[in-house]
1. Would you say residue 367 is more than 25 Å from residue 237 (Cα to Cα) and of a type in the set (Gly, Ala, Ser)?
2. Scan region 251-277 residue by residue and report those that are buried (at least 23 other Cβ atoms within 10 Å of the Cβ) and within 21 Å of residue 293 (Cβ to Cβ).
3. Tell me, which residue of region 36-77 that is β-branched (Val, Ile, Thr) and assigned to a helix (DSSP H, G or I) is nearest to the chain's Cα centre (by Cα)?
4. Filter region 350-384 for residues that are touching an Asp or Glu at 6+ places or on another chain (Cβ under 9 Å) and either among the aliphatic types (A, V, I, L, M) or in contact (Cβ under 8 Å) with a residue 60 or more places away in the chain (or both) and give the result.
5. Sort through 361, 338 and tell me the only one that's in a helix (DSSP H, G or I) and either surrounded by 13 or more Cβ atoms within 10 Å (Cβ to Cβ) or not hydroxyl-bearing (Ser, Thr, Tyr) (or both).
6. Can you name every residue in region 204-217 that is farther than 14 Å from residue 87 by Cα and buried (at least 22 other Cβ atoms within 10 Å of the Cβ)?
7. Kindly indicate whether residue 267 is in contact (Cβ under 8 Å) with a residue 40 or more places away in the chain and closer than 20 Å to residue 377 by Cβ.
8. Quick one: in region 35-62, of everything that is surrounded by 12 or more Cβ atoms within 10 Å (Cβ to Cβ) and basic (Lys, Arg), which residue is farthest from residue 159 (Cα to Cα)?
Amino acid sequence: MTWRVLLCAVTVLLGQIPAERLQRMRLAEANPIPGSTQLQAVRSDRITRALRSPDDLWAFVTSAEPMYLERRAAAYQAKGLVPVTWLPKIWRAIGELRREQASSEFLLKSHPISATVYMPQGPRREGPRSILGHTWTPPAQPIDYPLTPRERERAPWPWQVQQALNDLTGGLVPSTYSPLEREKADAYLAAVLTMPCATDEEATWLISAVQSSSHHKTPAIMATLLNIALNPRLPLAAVQVGTTYADATRLWNDPRAWDLGAAGLLEILRNSPHIEGRRTAAYSAKSLRERFADGRTTSRPLPAAVLLEMSRLALDPAAGNEWTRLYVYALSVVEALDEKPFLPQRGMDPASPDVQRRLKDFAAWFAEHRRELDALAAAQHPAIDAAQRILAQTTTCRAGSP
């Protein structure tokens with residue numbers, strides 16, 4: 001019995017968790033989700049026929065017939081069969097399923113070990129609906145999350161397809177950690193750049209596809225992420241970029257990574273039309289200090305211009321109330337420093353008088369170090385300016401671009 005189930009057993013005795021849920025949790029523990037070894041070993045005539053061509057595979061994986069294990073096995077075994085140029089097509093399907101999931105959760109109750117509660121985001125739609133060219137009629141009432149092999153086989157087919165498409169996209173992503181796969185990684189990211197991003201929804205799909213390439217990026221990809229962050233039509237996607245932009249360069253073992261990361265983050269802080277996008281970008285600034293390569297993490301240069309801009313925002317009353325400026329900007333600057341003037345305690349009570357005191361401490365630190373930050377920013381300016389020119393060359397996802 002795992003610690004989570006054991007803890008829940010104790011809470012059952014205290015009357016906090018229903019016994020029925022504990023039973024479902026034990027069932028989940030006893031029936032792990034099929035992994036790569038099991039999926040690779042599954043054989044059937046239907047899988048053999050599906051693997052004859054990309055079109056045969058697509059028809060099989062997205063069919064309206066319930067067949068969980070065979071569907072996932074075919075998708076997993078199709079690595080190398082489906083061309084990477086199908087990425088936009090696959091993500092359109094994933095997006096359609098995500099839309100239905102947000103609306104209805106496929107009428108599945110939450111996983112018993114999940115902390116989330118079954119709560120569709122949109123108004124419940126009654127009756128049949130069209131999904132991936134097929135008609136799906138949801139069950140009359142929410143059903144238990146499928147945990148056993150039998151339950152998975154009988155689960156709503158849109159949910160089954162969603163699981164299989166995860167396997168399929170996983171097969172399209174090369175090993176971005178290995179330099180030997182670099183040509184394939186470049187081809188994957190080139191395919192990502194063909195994905196549409198006219199809407200917030202489409203832009204978030206593109207960002208998710210980029211994140212799959214964890215250890216490799218390209219200047220065009222970084223420029224596209226920046227264009228999303230600066231696009232006034234894409235507020236939700238801009239927040240997602242802000243969260244990931246600096247971190248995207250941390251694992252990218254490339255001499256251009258720091259320059260492009262610092263230049264892009266500076267643009268977001270100065271020019272993003274989205275307040276929350278700017279704020280999430282500030283949180284991630286500390287990632288510009290880290291570089292992971294050859295199995296270890298080393299320090300990268302202090303991004304002086306970025307820290308100067310965040311310090312300006314921290315001390316500008318127009319950038320928000322005192323708590324917001326301390327939490328979002330001042331503490332993010334402190335987190336990025338080697339020698340911290342004080343501990344960046346984010347658990348402080350927003351109404352505490354310590355908020356104002358900490359802002360004063362930060363103002364004093366900034367006054368003392370402003371000249372050296374200015375000097376470092378001037379020294380780093382040529383590299384960041386060159387990176388900004390590189391980022392400006394890509395128009396994908398830019399406001400007003402096709």
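1. Considered against the rule, which asks whether it is more than 25 Å from residue 237 (Cα to Cα) and of a type in the set (Gly, Ala, Ser), residue 367 comes out as yes.
2. 252, 258, 259, 260, 261, 262, 263, 264, 265 - these are the residues of region 251-277 that are buried (at least 23 other Cβ atoms within 10 Å of the Cβ) and within 21 Å of residue 293 (Cβ to Cβ).
3. Restricting to residues being β-branched (Val, Ile, Thr) and assigned to a helix (DSSP H, G or I), the top hit is 61.
4. 355, 359, 380, 383, 384
5. The match here is 361.
6. 216, 217, listed by residue number.
7. Yes.
8. Ranking the candidates gives 49 first.
Bear in mind these aren't lab numbers, they're just calculated from the coordinates by the rules spelled out. Everything numeric here is computed off the predicted structure, so don't read it as measured data. We place every Cβ from the backbone using ideal geometry, glycine too, and count neighbours over all the protein chains shown.
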